[in-house]
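Just so it is clear, none of the values below were taken in a lab; they were calculated from the coordinates. Keep in mind the model is a prediction, meaning the values are calculated, not measured. Quick reminder, even Gly has a Cβ in these numbers, built from the backbone with ideal geometry, and neighbours come from all protein chains shown.
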Amino acid sequence: MEKIQAKVKRLQLTVIALVAVNLFIILSAFVKREEKFDEISVDRINIVDKKGVTKMVIAANDRIRQDSNDESVKKEEFPSSGILFRNEEGEECGGLIFRGKKTRDGQDADAGLTFDQYNQDQNVVLQHKENVAATESVIEDGLAVIQRPDYTKVKEEYGMYEKIGSMDLTPQQRDSIKSHYANLDVIGARRLFIGTKRGFKDKKPYNETGLFIRDRGGNNAIRIFVDYDNVPHFEVYDKSGKRKVYDLDIKARK
């Protein structure tokens, strides 16, 4: 009888111990803990709100936009690494992106802080861009503002880009068609740039720093800048954006 009582007592103690361990595990799940890592390597980090909506993505290249429903995001590889921000609906609304690589005869790189129109592509960009080759190069640093159609026209907008891209056109014809559809608010157009544009073109260096304003069609309208020779300019263009109707060249007036 004493042996039976001893076994029962040991069984009771075992059950109590198991209950205590399970309670500890359950309670630990509700205790806030802060994990500290010296180093962590991941493909992607999602910052999610209490409703389960992804509000920020930290990732590299192909993982950064893999779950986007944004119509403006095309299927080609997205080469940039960085951070993408999402709105209350989980749609992309801006980001901080970086990329860069050597090319056969130069380099190709850009970095930028972007702000997107609602369910659209970027329309305000603080940027650095460079494309340097043996015969031609361009480097831009500054703030750009792009006018874009409403998000309800995104499918039509990107369909038009593909259509224009597939046409056998001269650069002048392509610019004319883009200007036409930008004026109709079908595609986007860069309206403003404040910053520096420099490089080589037609075997000549250029370096312009200033304010560059374009019309709704993306054509030159007003350019206020200092050129490669440190000469200030104030230029006004006609509706085509090709012909200057006013040019205040300080050097020429001396």
What are the pairs, 6+ residues apart or on separate chains, where a residue within the stretch 144-170 that is touching a residue at least 24 places away in the same chain (Cβ under 8 Å) has its Cβ under 6 Å from a residue that is loosely packed, with under 15 Cβ neighbours inside 10 Å?
-> TYR151/TYR118
Where a residue in the stretch 84-101 is under 13 Å from ASN119 (Cα atoms) and its partner, wherever it lies, is of a type in the set (Ser, Thr, Tyr) and surrounded by fewer than 21 Cβ atoms within 10 Å (Cβ to Cβ), with Cβ under 7 Å and at least six apart = ARG86/THR54; GLY90/THR54; GLU92/SER68
Among the residues of the stretch 189-207, is there at least one that is crowded, with 16+ Cβ neighbours inside 10 Å and without any contact (Cβ under 8 Å) to a residue 40 or more places away in the chain?
-> no
What is the number of the single condition among (1) touching a residue at least 24 places away in the same chain (Cβ under 8 Å); (2) within 20 Å of the chain's Cα centre (by Cα) that LYS129 does not meet?
-> (1)
